[in-house]
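Contents: one structure, followed by commentary.
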Amino acid sequence: MGGASATRPEADLRPPTEPRPTARPPWPSPTPTARRRPTSGLRRSSWFRRPATARLRRTLLALLVAAAVIVPVSAAARPRIPAPPPAPLAPPTPTTLRSTYEANRANAAEAARMAEAHGDRGRAATDRWLAAPTRRLLMFDGRGPGQAVEVLGDLLTADHTAVLVPGSDTNLDTYDRFHGAARSLYDRTGPDTAVIAWLGYETPGTISTTVLTPTRAEQAAPRLRSFLRELRALVGDSTSLTLICHSYGTVVCAHAVTGLDDADGVDDMALIGSPGTGVDSTADLRTSARVWAARGTDDWIGTVPHTRTDLFGTTVGFGPDPTSPSFGARVFTAGTAGHSDYFTPGSTSLDNLARITLGTRAEVTRA
């Protein structure tokens with residue numbers, strides 16, 4: 001299988017004729033629209049007198065209306081990309097792990113051929129990139145937006161394993177950014193650690209109705225919960241397991257760990273750039289994991305109302321900010337990180353995420 005060094009050449013896997021996508025920060029984030037300045041003192045005072053819930057309802061209603069128009073148009077503009085169904089594989093064991101990687105690479109190679117025949121050369125290049133001989137794929141599904149679960153490092157020899165769960169607008173077409181985040185953490189933690197990029201669900205679009213509700217998280221949670229159980233069975237009890245969740249991914253993680261058996265659970269869970277998790281406190285998560293939370297000072301998610309309301313019979317919003325004292329998480333510093341900057345090499349946020357992953361919790365700088 002090879003140790004961690006076997007994964008190092010991945011940066012140069014693309015053929016010369018297919019340049020690797022331009023480097024971009026992991027996990028894109030939209031620029032928040034500036035609030036329009038009131039034109040009179042009366043209007044300004046009435047705005048600030050309006051209850052927070054009413055303001056939230058008005059804002060969310062506008063977003064829902066906009067998404068109702070934008071999403072169908074964008075979906076119609078790009079047909080779904082054909083690909084074979086995922087390889088039918090049993091949960092991996094130490095003896096079958098290598099064959100699991102091989103089967104998923106073969107699936108990615110076939111997906112590349114189908115995408116090329118479909119005329120999507122960009123997706124074909126990404127699929128071929130993931131099909132390279134050194135890639136370690138626990139799962140691959142090239143259909144539509146696409147999903148992939150990739151290991152950086154050696155799961156069978158690592159003392160520490162981290163699972164990264166992304167937020168909105170993460171799919172195979174933007175996978176290089178998500179992979180870059182996992183690579184940054186892996187490079188920071190070293191060869192005794194394995195980092196798993198878990199794109200195991202269809203993430204919502206940033207401009208969409210689904211990003212405002214827990215629906216996608218509720219659909220994804222059983223998959224993540226099952227994956228964590230299989231991972232624990234594979235790596236054993238002696239390996240520490242950290243779940244690192246970003247943005248909408250924090251909603252997914254909260255749903256997944258709630259009620260997860262302690263024997264199958266995680267040791268630490270870090271929530272970064274969270275819009276809320278769908279629960280009011282760490283106690284509501286019903287997990288034995290140490291729960292951490294952070295938000296960078298330049299992260300626009302801090303301007304989002306951290307509340308939850310019922311709108312037309314649908315739950316909208318995700319409740320309290322995990323970095324608030326009432327939530328009960330261990331809040332750590334993330335420096336000046338923006339919403340897409342938590343895995344920037346050399347940053348305060350990446351250093352602290354590495355310390356949590358490595359179990360050197362006393363060295364984590366607390367907020």
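The values are calculated or read from the model by the stated rules, or taken from the named source; none is laboratory data. As the structure is a computational prediction, the values presented were derived from the model and not from experiment. No Cβ is skipped: glycine too gets one built from the backbone with ideal geometry, and neighbour counts run over all protein chains shown. Note: accessible area is taken over every heavy atom of the protein model, side chains too, but ligands, DNA and RNA are not part of it. Shrake-Rupley method; radii C 1.70, N 1.55, O 1.52, S 1.80 Å.
Key figures
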read-out: Residue 261 vs. criteria open to solvent by 10 Å² or more (accessible area, probe 1.4 Å) and not basic (Lys, Arg); value: yes
read-out: Residue in the stretch 202-219 that is open to solvent by less than 20 Å² (accessible area, probe 1.4 Å), in a helix (DSSP H, G or I) and at negative phi present; value: yes
read-out: Selection status of residue 273, closer than 25 Å to residue 151 by Cβ, in contact (Cβ under 8 Å) with a residue 12 or more places away in the chain and open to solvent by less than 20 Å² (accessible area, probe 1.4 Å); value: yes
read-out: Residue among 323, 307 that alone is surrounded by 15 or more Cβ atoms within 10 Å (Cβ to Cβ), among the hydroxyl-bearing types (Ser, Thr, Tyr) and under 21 Å from residue 213 (Cβ atoms); value: 307
read-out: Members of the stretch 145-181 found to be open to solvent by 10 Å² or more (accessible area, probe 1.4 Å) and part of a loop (DSSP other than H, G, I, E, B), listed by number; value: 145, 154, 156, 157, 159, 168, 169, 171
read-out: Hey, residue 357 surrounded by fewer than 21 Cβ atoms within 10 Å (Cβ to Cβ) and touching a residue at least 12 places away in the same chain (Cβ under 8 Å) or not; value: no
read-out: Any hit, the stretch 210-225, residues being under 19 Å from residue 137 (Cβ atoms), out of contact with any Phe, Trp or Tyr (no Cβ under 6 Å at 6 or more places or on another chain) and of a type in the set (Gly, Ala, Ser); value: no
read-out: Residue 100 vs. criteria at pLDDT 95 or above and assigned to a loop (DSSP other than H, G, I, E, B); value: no
